[in-house]
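The values are calculated or read from the model by the stated rules, or taken from the named source; none is laboratory data. All values reported here derive from a predicted model rather than from experimental measurement. Cβ placement follows ideal geometry from the backbone for every residue including glycine, while neighbour counts extend to all protein chains displayed. With ligands, DNA and RNA removed, areas are computed over all heavy atoms of the protein, side chains included. Shrake-Rupley method; radii C 1.70, N 1.55, O 1.52, S 1.80 Å.
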Amino acid sequence: MDQRKRDNMQVTETLAEGLRREFEVKVPASELDDRLVSRLSEMQGEVRIKGFRPGKVPVNHLRRLFGKSAMAEIVQKLISDVARDTMSERGERAAQQPDFNLPEDEGEAEKVLQGKADLTYTMTYEILPEVVLGDFKSIKVERPVADVSDEEIETEMNRLAENVRSFSPKEGKSESGDRLVISYLGKLDGEPFEGGADDNATVEIGSGQFIPGFAEQLEGLAAGDEKTIAVTFPEEYGAAHLAGKDATFDVVVKEVSSPDPIKIDDELATRVGVESLDQLRDAIRQQLQNQYGMATRQKVKRQILDQLDALHTFELPPKMVEQEFDNIWRQVTAELAQSNRTFEDEDTTEEAARDDYHKIAERRVRLGLVLSEIGEKNSIEVTEEEVQRALSAQLRQFPGREKELVEYYRSNPEAIASLRAPIYEEKVVDFLLELVNVTDKTVSREELMREDEDEATKAG
């Protein structure tokens, strides 16, 4: 049993099991009172009380006025100092903030605050494990690379032209590809439902933008025609009160337009903000190269993380794993609820899913500790300039809310840490890329862009 004394305090280790540490801390009332007197003496020169000259307020009077609040501050600081000093003396780093089990009896707590009783409490924390880094030179990475072909550029240009093509009003019946302006009124069991009406909706036949089967039933109608359409909302429809329900829509066609011919020319380029067709081709080529480069980077990073995970085995702090699992589980269950799906719909059970996601949580924690150790051993740091750039990018996503978000990040260290962490991870990966064995492999666009099973979830 490890027992240490600091001033008049006594810190006794009561548990050292795996990564878990537990201590009993005892601070005599006399020690607390000495600290209180010292603090009240400092306050003599700080407080201003009517009837007393500055600096002449008796300590006993200050004790009556501020004794309990000052003692509460002393206890709080003392608990924090004991935790810091204990870990420092033992050469340990806590995986998370320690837990403190303070006296629960109100009467006992009151005596402590009055300086009439010893302060006795337990302190528990998990330490970070020792991470012995593996041989990075044993890591072999196959870097998939795809060239941008002229055919892909033409395909993108046609897609762009399709998206910005104009429509011209036409006489007669609508056909697939035509665009209609309609008014409609939706009903469930013959009664209109909230959000089921629009007086000026645009529908393109064959676009798949509306409820399945809706636009297809408009084919063959002309301006002025009316029709009642019957559809079934998808089971995963976003509005829960409509999901899976049969509905009817009373539709009036107000206008029918047909698509104008697609033209790949300088006019198309100017419509999308560049000066010429050649510039548009160059811009699309660059965009595709960037897109392919990001996909290559993700696949290389995934291979490195997979092999780092396989290279390292050590005990994980249970609370860190559980916290990571809780974060993942909240996201998974929220996404299922939002899409109105169950684990059975995903061909699994809740128990099996929990087991799978717990393993993912363990992987993330293990990789986080490994990456942190690599960065620390090799002096890899994230600069404030890099954090500010990440913050600026985040702010651009929420125009009009910049002040609110800046204040949120300023007052929330965890939010800033969430900006810093991915930057740090990418810098460590860059460092590793200089050490591991990388071989380029030319692949097709389809192979490069195909997402591996569970890649987004399992990535570090």
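Given 0.36 nm per residue, what is the gain on full extension from Asp265 to Glu162 after removing their alpha carbon distance, in nm? Please report the intermediate quantities before stating the final value.
Numbers: separation 103, 0.36 × 103 = 37.08 nm, distance 1.30 nm.
Taking 0.36 nm per residue and subtracting the Cα distance, the gain is 35.8 nm.
Just subtract the alpha-carbon distance of Lys187 and Thr202 from 0.36 nm times their residue separation and send over the number in nm, one decimal. Please list the in-between numbers first.
Details: separation 15, 0.36 × 15 = 5.40 nm, distance 1.93 nm.
Computed gain between Lys187 and Thr202 is 3.5 nm.
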What percentage of the solvent-accessible surface of the chain, computed with a 1.4 Å probe over protein heavy atoms, is contributed by carbon and sulfur atoms?
46 percent
Crossing angle, helix 413-433 versus the chain [Cα axis fit, 0-90 degrees, rounded to tens]:
70 degrees
Quick one: accessible area per residue over the chain, 1.4 Å probe, rounded to a whole number of Å²?
60 Å²
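Counting Lys and Arg as +1 and Asp and Glu as -1, what is the net charge of the other residues whose Cβ lies under 12 Å from the Cβ of Val321?
On the way: positive: Lys319, Lys359, Arg363, Arg364, Arg366; negative: Glu126, Glu315, Glu322, Glu324, Asp326, Glu362.
Result for the local shell: -1.
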Please work out the Cα center distance from segment 200-262 to segment 382-403, rounded to the nearest Å.
41 Å
With a ≥ b ≥ c taken as the square roots of the eigenvalues of the C-alpha gyration tensor of the chain, please select rounded if a/c is under 1.5 and otherwise prolate if a/b is larger than b/c or oblate if it is not?
prolate
With R₀ set to 25 angstrom, the calculated FRET efficiency between the beta-carbons of Asp105 and Asn327, to the nearest 0.05, is 0.10
If packing is taken as the average number of other Cβ atoms within 10 Å across a peptide's residues, how do 350-362, 408-420 rank, most packed first?
350-362, 408-420
How far apart, in nm, are two points set 7 Å out from the Cα along the Cα-to-Cβ line at Glu385 and at Lys245?
5.7 nm
Taking Lys and Arg as +1 and Asp and Glu as -1, residues besides Ala243 with C-beta under 13 Å from its C-beta add up to -2
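Return the FRET efficiency for the residue pair Asp355, Lys377: r is the Cβ-Cβ distance, R0 is 30 Å, and the value is rounded to the nearest 0.05. Working shown, then result.
Details: r = 33 Å, r/R0 = 1.11.
Result of the calculation: an efficiency of 0.35.
Under the rule of -39500 (n - 2.57) per DSSP H run of 4 or more residues, summed and divided by the residues of the chain, what mean residue ellipticity at 222 nm is obtained, to the nearest 500 deg cm²/dmol? Intermediate values should be presented prior to the final figure.
Values: 13 runs with 214 residues, N = 460.
Taken over the chain, the calculation gives -15500 deg cm²/dmol.
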On C-alpha positions alone, give me the angle between the axis of helix 384-396 and the longest principal axis of the chain, in degrees, nearest 10.
40 degrees
Tilt of helix 29-44 relative to the longest C-alpha principal axis of the chain, in degrees (0 to 90, nearest 10)?
80 degrees
What nm distance separates the two modelled labels at Glu446 and Glu226, each placed 7 Å from Cα along Cα→Cβ?
5.0 nm
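Once you have the Cα-Cα distance between Ser392 and Val145, take 0.36 nm times their residue separation minus that, and quote the gain in nm to one decimal. It would help to have the intermediate numbers written out before the result.
Details: separation 247, 0.36 × 247 = 88.92 nm, distance 3.11 nm.
Extra length available between Ser392 and Val145 comes to 85.8 nm.
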